[in-house]
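Asker: My structure is below; once you've seen it, I'll send some questions.
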Amino acid sequence: MDIDKGFQLEEPAVFIPWEVTEQGLVDLLSTHGLRKVTRGYFTITCRSLSGMAHELGFHFTPRGGDFLHELEFFRRSYADQKGSYDEFQEHFELHFGRPTSTNPGTEGFPTHTWNLKRVEIVHFIFDRFGPEEHMRIKRKY
């Protein structure tokens, strides 16, 4: 997968280019359970990165605009915080290599950052009404 061009879903088998518009995303994924959460934010249940099951959020900037800015990976349940963190980390390292930087984080988990050519990937946990995991791919412009 060339992350500089977009992101490949395995189930459903759809490539999401960074240049996709909101309407283009709807056209690509509406038959696969795409949910509109609010203006500029959609989610889908899917598999990617060698079979990992997760939720995927699509953030457009400005809200309601035609600029895919960020992919947000998350789970519906975090009953096993460590298991989730470890699985995300394993699959991201498999596909994108070791992080560019790793720093002490909060809640007992390190913060990882990958600085790639046209994207930045971040993985961390912070306390927001309890521990909250963030695994995101942000496009650089």
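Asker: If I filter region 9-24 for residues that are in contact (Cβ under 8 Å) with a residue 60 or more places away in the chain, open to solvent by less than 10 Å² (accessible area, probe 1.4 Å) and within 26 Å of Gly97 (Cα to Cα), do I get at least one hit?
Answerer: yes
Asker: Within region 51-60, identify whether any single residue is surrounded by fewer than 16 Cβ atoms within 10 Å (Cβ to Cβ) and closer than 18 Å to Val119 by Cβ, and answer yes or no.
Answerer: No, region 51-60 has no match at all.
Asker: Name the one entry in His54, His95 that is over 23 Å from Glu132 (Cα atoms) and touching a residue at least 12 places away in the same chain (Cβ under 8 Å).
Answerer: That would be His95, the only listed residue that is over 23 Å from Glu132 (Cα atoms) and touching a residue at least 12 places away in the same chain (Cβ under 8 Å).
Asker: Please find, within region 68-98, the residue that is nearest to Phe7 (Cα to Cα) out of those that are acidic (Asp, Glu) and surrounded by fewer than 16 Cβ atoms within 10 Å (Cβ to Cβ). Reasoning before the result, please.
Answerer: First pass over region 68-98, keeping only residues acidic (Asp, Glu): 70, 72, 80, 86-87, 90, 93.
Within this subset, residues satisfying the condition of being surrounded by fewer than 16 Cβ atoms within 10 Å (Cβ to Cβ) are 80, 86, 90, 93.
Details: Asp80: 26, Asp86: 21, Glu90: 17, Glu93: 15 Å.
Only one residue fits best here, namely Glu93.
Asker: Got a number for residues in region 119-134 being at pLDDT below 95 and either in a loop (DSSP other than H, G, I, E, B) or open to solvent by less than 40 Å² (accessible area, probe 1.4 Å) (or both)? If you could, list the steps in order and put the result at the bottom.
Answerer: Step one: filter region 119-134 for residues at pLDDT below 95, giving 124-134.
Narrowing the set further to residues that are either in a loop (DSSP other than H, G, I, E, B) or open to solvent by less than 40 Å² (accessible area, probe 1.4 Å) (or both) leaves 125, 128-130, 133-134.
Qualifying residue count, region 119-134: 6.
Asker: Thr45 - would you say it is under 14 Å from the mean Cα position of the chain (by Cα) and open to solvent by 10 Å² or more (accessible area, probe 1.4 Å)?
Answerer: yes
Asker: Which condition breaks for Arg35 when tested against (1) closer than 20 Å to Ala13 by Cα; (2) surrounded by 12 or more Cβ atoms within 10 Å (Cβ to Cβ); (3) touching a residue at least 24 places away in the same chain (Cβ under 8 Å)?
Answerer: The failed condition is (3).
Asker: Now for a separate question. Only residues in region 112-141 that are closer than 16 Å to Met1 by Cα count as the first member; pair them with residues that are open to solvent by less than 50 Å² (accessible area, probe 1.4 Å) and among the basic types (Lys, Arg), Cβ under 8 angstrom, at least 6 apart or cross-chain, and list the lot.
Answerer: Arg118/Arg139; Val119/Arg139; Ile121/Arg136
The values are calculated or read from the model by the stated rules, or taken from the named source; none is laboratory data. Keep in mind that what you see is a predicted model, and the values were worked out from it rather than measured. A quick note on method: Cβ atoms are made from the backbone with ideal geometry, for glycine too, and the neighbour counts reach across all protein chains shown. All accessible areas refer to the heavy atoms of the entire protein, side chains included, with ligands and DNA or RNA removed. Shrake-Rupley method; radii C 1.70, N 1.55, O 1.52, S 1.80 Å.
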